Structure formats: C-alpha cells, structure tokens
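First up is the structure itself, then whatever we jot down about it.
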Amino acid sequence: MTEERDVCGKTGAPAFALFDSGMGGLSVLRHFLDLFPEEDFLYLGDMARFPYGSKSRETICRFAVEDASLLLRFRPRTLVVACFTVSSQSLDILVDRFPGTRVVGMVEAGARAALAATRSGHVGVLGTEGTIRSGAYPTVLGRLGGREARVFGISCPLFAPMVEEGWIDGEIPERVAREYLAPFIEGRAPEVDTIILGCTHYPPLLPMLRRILPGITFVDPGYELAHSELLRPEPGRGQGKGQVSFLVTDGRERFMRVGQHLLGRSVEHVRETSVPSVDFSFV
Ligand code: DGL
C-alpha cells in the first residue's frame, strides 16, 4: 500500500492540502473545516524546521518547494499555503514551479478584506520578521488599493511561542502586546483603523488585542481566505467524506496536544513523515 493511500484512505485525492511551518496553520484550517465539512483535507506541519519566521528567503523558498512537493503527491485539488511567512516570500515560486495546480496563499484575501474595512486607507500588519521584511503586504495592498493604501508593519516574534504556551491573555501577554503595539497605542500611526493579523498564531490573541486597541478593526485572513472568491469555483465539490489527515515532520504528540487549541477541536489521524529534499536556488 502506498503512503498516499495509507494517509488519505480510499478516496485518495483531498480537496485541499494545507501546509505550515508547524501547528499555526490549524487556525486557518479551522475556517475551512467550518465551511467545507464534507470535503477531505490533508495538512502538513513542518514541526521539525519550525519556526520559519526568522529564516532567510532562500531557505523559506526551499522549504516551501519541499513541503509542496510532498503534498502534491496526494493530488489535492487546491494547495493552500497556510503559512504567512511562506505566502509572503514564496507564493510566486510555487505557482511557477507547479503549473496546473491551484496554489493560494494567505496575503491577498486578508488584504482585500482590510481594504474593504478601512476608511482611512491606512492599514497595520502584524507578522513574523520574514513576513514584514518581505514587503508583500505593501505590494499587494498597493496593487489592490491603489496609491492611497498606506501600510504600517510590525513584526511580533514573541507572539507565536507565547500562543503555543497558551499565554493568550493576562499580565505578561498584555505587556508583550503593548510593547509591539506601542506605535498604535501612542498615536504614532494615528490614521491606522484596520490591522491584519498576518501570522497563523495571532487569532487566539484577538480578544486581548481588541481590548488594547478598541477602535481598530482586526482582520483574520484565515477566515477571509476560506470565504473568498480565490477558492471558487471549487471543482468536484462535495466528493469527499469529511476526512481530515495530518502529517508532521516531528513533534506528533505536541502537535496534537497544543494544536487542538488552534483548530478548535481535537487533532486526530496524525502521522510522522519526512519531506523530500529538492534542488532549489535563486540562480
Ligand atoms: N506559521 C508562521 C507564519 O504564519 C508563524 C510561525 C513561524 O515563524 O514559523 O508566518
């Protein structure tokens, strides 16, 4: 029996295959499961190489191609790059490398929602170092919103480990958040009225963030992507059995234990695997 058969059962090809640097993308998957309960899903969490947020673009692109190569063996109808760090730096590479596969990332749907929500045209973005450094949000917001879109990006590297520890509110998380959000709290970006949560780990922080910045509209791109036109038409819709399978490159027990909080339900059917090595360089 092939591994593909083993993981996805008799139905074989899942409607959606998602990947992330680890468990964070489960906060994206939860919206897909809510919206497409009848479909089959495959999720890869690259726990062995987490975190991606502080690594170079070249490394992220190689990881992205390797992760995608593994998932495409299962012939998903849509490949979802559920990691913002990958989406912001490598989406074009994946689209070029895998023609004929629908590849969607996290940046565009959230950017569209932010432009629909903002009255001032000034949008804040919270993300990893890699996501903010990439300039993907200013580029996409500029393309979609024209010259009037102004972007204020802040990298928040402590948020991801904090959320994995379950520290989503209380004295210490609030102090960390106030430090990162100081430009908004202190009025250094007074026109920003909308903030995109540009990282898989940030949605659980929403209640606290809303309390700290009560006048701001926050955008959860996972929700926006699941509901977006980017996924439509969904060919062969409704052919699945509602199966959800998980692959991890390490840390199966931690993925199940901590991941259930990001997924909003228990995480089952998790197998450890390794990703194929691929040749990748920019030159
Ligand atoms: N999944 C990553 C992202 O959305 C956050 C965690 C990491 O640094 O790998 O950017």
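The values are calculated or read from the model by the stated rules, or taken from the named source; none is laboratory data. Computed from a predicted model, the values in this text were never measured in an experiment. Because the Cβ atoms are built from the backbone with ideal geometry, glycine has one as well, and the counts that use them run over all protein chains shown.
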Out of the range 136-160, which residues are touching a residue at least 40 places away in the same chain (Cβ under 8 Å), within 16 Å of the ligand (Cβ to nearest atom) and surrounded by fewer than 19 Cβ atoms within 10 Å (Cβ to Cβ)? P157
Pick out the one residue from F246, F218, F282 that is free of Cβ contacts under 8 Å to residues at least 60 places away in the same chain and within 29 Å of R57 (Cβ to Cβ). F218
I'd like to check something: does the range 81-91 contain any residue that is surrounded by fewer than 24 Cβ atoms within 10 Å (Cβ to Cβ) and either closer than 20 Å to F152 by Cβ or β-branched (V, I, T) (or both)? no
Is it the case that the range 212-232 has a residue that's among the polar types (S, T, N, Q), more than 15 Å from V28 (Cα to Cα) and touching a strand residue (DSSP E or B) at 6+ places or on another chain (Cβ under 6 Å)? yes
Could you pull out the residue among Y223, Y180 that is more than 28 Å from S266 (Cα to Cα) and within 16 Å of the ligand (Cβ to nearest atom)? Y180
Given R30, R62, which one is touching a Phe, Trp or Tyr at 6+ places or on another chain (Cβ under 6 Å) and either surrounded by fewer than 24 Cβ atoms within 10 Å (Cβ to Cβ) or at pLDDT below 95 (or both)? R62
